[in-house]
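Student: Here it is, the structure in full.
The values are calculated or read from the model by the stated rules, or taken from the named source; none is laboratory data. Quantities reported herein were computed from a predicted structural model and do not represent experimental measurements. Ideal geometry is used to build each Cβ from the backbone, glycine not excepted, and the neighbour counts take in all protein chains shown. Accessible surface areas use protein heavy atoms only, side chains included; no ligands, DNA or RNA. Shrake-Rupley method; radii C 1.70, N 1.55, O 1.52, S 1.80 Å.
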Amino acid sequence: MSKEKSKPLFFCDACGAQTVRWEGRCTACGAWNTIKEFRPAKLPGAVHAPHASPVSMPTPLSEVRQDNAQRLLGAGAELNRVLGGGLTPGSVILVAGDPGIGKSTLLMETLTGFSQTWPVLYVSGEESLAQLKQRADRLGVVGDRFPVMMENRLEIVIQAVETSAPDILVVDSIQTMASEASPSAAGTVNQVRECAGRLIHLAKTRNMAVFLVGHVTKDGQIAGPRVLEHMVDTVLYFEGERGHDYRILRAVKNRFGSANEIGVYEMGPGGLKEVANPSELFLSERIQGATGSVVFPGMEGTRPVLVEIQSLVAPSVFPQPRRNTLGWDPNRLAMLTAVLEKRLGLGFYNHDIFLNVAGGFRVTEPAADLAVAASLFASLKNLSLDPGMVVVGEVGLGGEVRAVSHVATRLREAAKLGFERALLPEKSMKHVIDGPKMHLGAVSSVEEMIRLLP
Ligand code: TYD
Ligand code: MG
């Protein structure tokens with residue numbers, strides 16, 4: 001082990017690939033002159049053994065003490081749910097998102113909440129103290145328990161943590177931090193890996209929670225290494241559509257809770273406000289009775305969210321008709337149109353299809369298949385469907401409608417918002433015990449759905 005440690009390592013600055021020797025060109029990504037020698041920091045046990053304690057012995061699980069099982073509450077209800085029921089001490093959370101989406105705003109608000117009870121520290125590597133103050137004023141943060149620091153030298157940040165001993169630390173952003181132990185510039189794979197490794201080590205040894213802000217590249221990846229996602233405990237994406245004020249905080253990895261939870265916020269002049277009932281927000285601009293509009297009762301983690309699915313099917317002038325989707329997987333659309341053509345003899349092949357999840361929301365559940373199919377059919381046939389109806393079910397290649405999870409929760413949410421009718425899989429009917437007072441239509445195939453639609 002110690003022999004291995006003394007060997008230099010080589011990493012590509014562009015893609016993070018490791019090689020055994022220096023090369024002019026990275027064999028993984030093809031970039032020239034990006035292979036850099038990397039020497040791990042000469043700290044006892046740093047980076048490569050972040051969890052090591054002075055004497056490490058195997059322990060029976062039953063005897064392991066759970067001293068850090070207590071969660072810190074103090075952030076808003078949305079963040080608490082996304083984190084799986086509060087912040088775990090000693091955990092490291094990566095908050096990634098496009099520039100300007102509101103990461104700094106979110107973390108400043110969050111930290112203000114925590115600062116009422118616990119000592120905190122906010123380190124910014126990108127904004128001056130005056131800029132931070134400006135944001136704080138906008139958010140109405142008083143901040144006498146909110147120490148801030150403008151710094152991008154990792155060693156100084158670590159020193160500050162050691163002297164001020166915060167329970168919660170924010171580093172905004174990891175791409176602006178640089179350690180003396182690595183020769184590369186800030187933001188390169190080597191630096192990001194080194195700085196994140198040292199901060200994680202610090203979090204685990206001090207039992208301090210750390211939020212790392214991470215920038216996202218044009219294609220939506222966290223800039224720098226993907227390894228960052230593997231190193232941290234929790235990865236949250238902060239997303240939003242251009243032109244919309246609401247933002248979604250989505251857990252994509254969480255060692256302390258479900259990875260499907262979302263938090264919904266609305267950005268306003270006074271910062272981010274939590275949206276307690278997202279369904280109302282997503283349905284607020286719906287035109288009742290528009291052709292091709294269907295409401296789908298979706299689930300995001302443990303929470304039901306109703307969204308409107310719209311489609312526009314129109315005769316095409318192109319030899320290859322257009323297929324555009326927003327908020328829905330284009331491959332899934334191709335499969336559904338094929339199923340509808342085969343089972344119902346519908347002619348989509350000479351029609352353009354535009355499918356849209358209204359409000360810029362993204363639906364990934366196959367449970368939305370039946371709603372999409374209903375929407376496509378209605379648009380093709382120019383039907384306006386019952387505006388008081390929701391549709392849910394997964395569609396298989398044989399045109400069969402399969403059971404979905406959480407039907408009772410989905411329908412309860414729909415009933416709460418005034419929906420009176422639901423089409424759902426026949427196989428899910430048995431789970432609607434003690435269900436809401438709605439008119440339920442059980443369907444086992446797409447043919448049956450079409451018959452029940454109007
Ligand atoms: P910011 O938190 O700086 O984004 P990030 O850290 O992800 O780059 O937020 C920047 C945007 O948010 C900016 O375009 C202005 C807007 N904003 C508001 O609309 N209201 C507010 O109260 C604040 C603080 C920001
Ligand atoms: Mg920022």
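Residues checked against (1) outside any helix (DSSP H, G or I); (2) open to solvent by 10 Å² or more (accessible area, probe 1.4 Å); (3) modelled with pLDDT under 95:
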{"residue": "Ser375", "(1), (2), (3)": "no, no, no"}
{"residue": "Asp386", "(1), (2), (3)": "yes, yes, yes"}
{"residue": "Val401", "(1), (2), (3)": "yes, no, no"}
{"residue": "Arg410", "(1), (2), (3)": "no, no, yes"}
{"residue": "Glu413", "(1), (2), (3)": "no, yes, yes"}
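Student: Which residues, taken from region 90-101, are closer than 20 Å to Met149 by Cα and within 9 Å of ligand 2 (Cβ to nearest atom)?
Tutor: none
Student: Inside region 237-304, counting only strands (runs of 3 or more DSSP E) that do not spill past its ends, which hold 1 or more residues that are charged (D, E, K, R) and either surrounded by fewer than 17 Cβ atoms within 10 Å (Cβ to Cβ) or within 16 Å of ligand 2 (Cβ to nearest atom) (or both)?
Tutor: Where strands (runs of 3 or more DSSP E) fall fully within region 237-304 and carry at least 1 residues being charged (D, E, K, R) and either surrounded by fewer than 17 Cβ atoms within 10 Å (Cβ to Cβ) or within 16 Å of ligand 2 (Cβ to nearest atom) (or both), they are 246-254, 262-268, 271-274.
Student: If I ask for residues that are closer than 20 Å to Val305 by Cβ and open to solvent by 10 Å² or more (accessible area, probe 1.4 Å), which ones from region 390-399 would you list?
Tutor: Glu394
Student: Quick check on my filter: what residues within region 159-174 are more than 16 Å from ligand 1 (Cβ to nearest atom) and surrounded by 16 or more Cβ atoms within 10 Å (Cβ to Cβ)?
Tutor: Matches in region 159-174: Ala160, Val161, Pro166, Asp167, Ile168, Leu169.
Student: If we only count helices (runs of 4 or more DSSP H) wholly inside region 102-209, which ones have 1 or more residues that are within 16 Å of ligand 2 (Cβ to nearest atom), modelled with pLDDT under 95 and more than 30 Å from Pro8 (Cα to Cα)?
Tutor: Of the helices (runs of 4 or more DSSP H) lying wholly inside region 102-209, those with at least 1 residues that are within 16 Å of ligand 2 (Cβ to nearest atom), modelled with pLDDT under 95 and more than 30 Å from Pro8 (Cα to Cα) span 103-115, 129-139.
Student: Among the residues of region 92-100, is any within 14 Å of Gly257 (Cα to Cα) and surrounded by 22 or more Cβ atoms within 10 Å (Cβ to Cβ)?
Tutor: Within region 92-100 (the criterion being within 14 Å of Gly257 (Cα to Cα) and surrounded by 22 or more Cβ atoms within 10 Å (Cβ to Cβ)), the answer is yes, since at least one residue qualifies.
Student: Filter region 328-361 down to the residues that are assigned to a loop (DSSP other than H, G, I, E, B) and more than 26 Å from Ser444 (Cα to Cα) and list them by number.
Tutor: Those that are assigned to a loop (DSSP other than H, G, I, E, B) and more than 26 Å from Ser444 (Cα to Cα): Asn350, Phe361.
Student: Can you tell me which of Leu121, Leu154, Leu129, Leu202 is touching a helix residue (DSSP H, G or I) at 6+ places or on another chain (Cβ under 8 Å) and within 20 Å of Thr105 (Cα to Cα)?
Tutor: Leu121
Student: Please verify whether His230 is assigned by TED's automatic domain parsing to the domain that holds Ala203, part of a helix (DSSP H, G or I) and either modelled with pLDDT under 90 or over 15 Å from the mean Cα position of the chain (by Cα) (or both), treating the condition exactly as stated.
Tutor: Yes: the conditions hold for His230.
Student: May I pose another question? Scan region 104-130 for residues that are out of contact with any Ser or Thr (no Cβ under 8 Å at 6 or more places or on another chain) and closer than 27 Å to Glu241 by Cβ and report the count.
Tutor: Summing the residues that are out of contact with any Ser or Thr (no Cβ under 8 Å at 6 or more places or on another chain) and closer than 27 Å to Glu241 by Cβ in region 104-130 gives 9.
Student: So Glu413 clears everything in (1) out of contact with any strand residue (DSSP E or B) (no Cβ under 7 Å at 6 or more places or on another chain); (2) acidic (Asp, Glu); (3) under 22 Å from Thr302 (Cα atoms) except one condition, right? Which one?
Tutor: Here Glu413 clears every test but (1).
Student: State which residue is farthest from ligand 2 (Cβ to nearest atom) when the search covers only region 224-236 and only residues that are within 26 Å of Gln70 (Cα to Cα) and surrounded by fewer than 21 Cβ atoms within 10 Å (Cβ to Cβ).
Tutor: So, considering only residues that are within 26 Å of Gln70 (Cα to Cα) and surrounded by fewer than 21 Cβ atoms within 10 Å (Cβ to Cβ), the one farthest from ligand 2 (Cβ to nearest atom) is His230.
Student: Starting from region 92-113, keep only residues that are under 14 Å from Tyr265 (Cα atoms) and within 6 Å of ligand 1 (Cβ to nearest atom), then list their pairs with residues that are of a type in the set (Val, Ile, Thr) and open to solvent by less than 10 Å² (accessible area, probe 1.4 Å) whose Cβ atoms are within a distance under 6 Å, requiring at least 6 positions of separation or different chains.
Tutor: Taking only residues 6 or more apart or on different chains, the pairs are Lys103/Val95; Lys103/Val213.
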